[in-house]
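Following: one structure in structure tokens, then a few remarks.
The values are calculated or read from the model by the stated rules, or taken from the named source; none is laboratory data. What you see is a predicted model, and the numbers here were worked out from it, not measured in a lab. Neighbour counts are summed over all protein chains in view; Cβ atoms, including those assigned to glycine, are modelled from backbone coordinates with ideal geometry.
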């Protein structure tokens, strides 16, 4: 028994010695490693985003100028047509008969004028010898004037009949893509007014308009930047596109803000040489701001949240961590624009942020570098939501606040 007690005391003593060894003291907590980098500095341009639709530069409803029966259709549905190209012909026989009647009326009025002039010439001869009265001479002179007026009216009726005959040939009023025919040969159509039957429609080819609404706040922003932003670059993407691949120029802004909705109508002109863009298509547009400006960019993962505040963790020269409150802008090329609260020389934690538990704690900083996700263009485009107004139009791109 005495031997067992000695062995137990020996084991306890050995354990105590191991617990107090210098190696165990070296395993205490140290400064956690993090990666830091200064903010990326480059020029950016603000882009306001809108939603809108494409509209044809010219859109024409083709109607007949005279009524009649459709005799023939001279185009294929959906084909491109040129201005003046024959589209429909109406039965010309009623117009031909009306023209012949008007021409006969002209001949009759011409005959009456010839007779009236002969009577006036005789009256002038007899009046000199006082063989006729002055009243009879005046009556013959008035008859000549009336015959001349009747002849002019007959000539006008002839020109009208000639036009009506020409209108039986319905031609394209503009160049572009024609829709399908709305009437087939043999149908009777009304014409001569805006209430006449629509035979087909034509939309112009080439450039196309993109029309959208901007808030009053957007208008004020552009005006305070020194111009109404006429000629600004506009980039557009369609519903199934992930990038803004269609480029145009802002060419029109309306002359007044709509008092009911609080928006102003804006329009861009977009090249469309291949005819891919069609009127009625929905799209999202980005309108470039007036000028570029210098900005600081950091990874979005470097942004922390302290209740309603946005913060960035900055490491000082002695390794201590400080949180700086910042105001954020939009994301460009995968990086977040910091509008204020950060200095170009600040060393921002871009990796290992979760290890810097508390402000004032020490970290071991390793230098890194902030680089854009995509290749840097000459002027970096920035997308941000257009300022809101009382109107409910779509300027919905989030700034990530």
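Here is how the numbers come out for the structure above:
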quantity	calculated
Given (1) on the phi > 0 side of the Ramachandran plot; (2) out of contact with any helix residue (DSSP H, G or I) (no Cβ under 8 Å at 6 or more places or on another chain); (3) not assigned by TED's automatic domain parsing to the domain that holds residue 334, number of the condition residue 319 does not satisfy	(3)
Single residue of 342, 328 found to be crowded, with 17+ Cβ neighbours inside 10 Å, at pLDDT 85 or above and within 14 Å of residue 40 (Cα to Cα)	342
In the range 355-367, residue nearest to the chain's Cα centre (by Cα) [restricted to those that are surrounded by fewer than 17 Cβ atoms within 10 Å (Cβ to Cβ) and at pLDDT 80 or above]	367
Among (1) loosely packed, with under 13 Cβ neighbours inside 10 Å; (2) closer than 30 Å to residue 70 by Cα; (3) out of contact with any strand residue (DSSP E or B) (no Cβ under 7 Å at 6 or more places or on another chain), the one test that residue 188 misses	(3)
Residue, farthest from residue 202 (Cα to Cα), within the range 264-276, restricted to residues that are modelled with pLDDT of 90 or more and surrounded by fewer than 20 Cβ atoms within 10 Å (Cβ to Cβ)	265
Residue that is farthest from residue 49 (Cα to Cα) [pool: residues in the range 288-318 that are touching a strand residue (DSSP E or B) at 6+ places or on another chain (Cβ under 6 Å) and outside any strand (DSSP E or B)]	302
Residue among 224, 177, 237 that is surrounded by fewer than 18 Cβ atoms within 10 Å (Cβ to Cβ) and assigned by TED's automatic domain parsing to the domain that holds residue 63	177
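For (1) at pLDDT 90 or above; (2) out of contact with any helix residue (DSSP H, G or I) (no Cβ under 9 Å at 6 or more places or on another chain); (3) surrounded by fewer than 16 Cβ atoms within 10 Å (Cβ to Cβ), each residue gets a yes or a no:
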residue: 292; (1), (2), (3): no, yes, no
residue: 305; (1), (2), (3): no, yes, yes
residue: 315; (1), (2), (3): yes, yes, no
residue: 332; (1), (2), (3): no, yes, no
residue: 353; (1), (2), (3): no, no, no
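So that you can scan it fast, the table gives a plain yes or no per residue for (1) out of contact with any helix residue (DSSP H, G or I) (no Cβ under 8 Å at 6 or more places or on another chain); (2) modelled with pLDDT of 95 or more; (3) not in a loop (DSSP other than H, G, I, E, B):
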| residue | (1), (2), (3) |
| --- | --- |
| 24 | no, no, yes |
| 34 | no, no, yes |
| 45 | yes, no, yes |
| 72 | yes, yes, yes |
| 87 | yes, yes, yes |
| 99 | no, yes, yes |
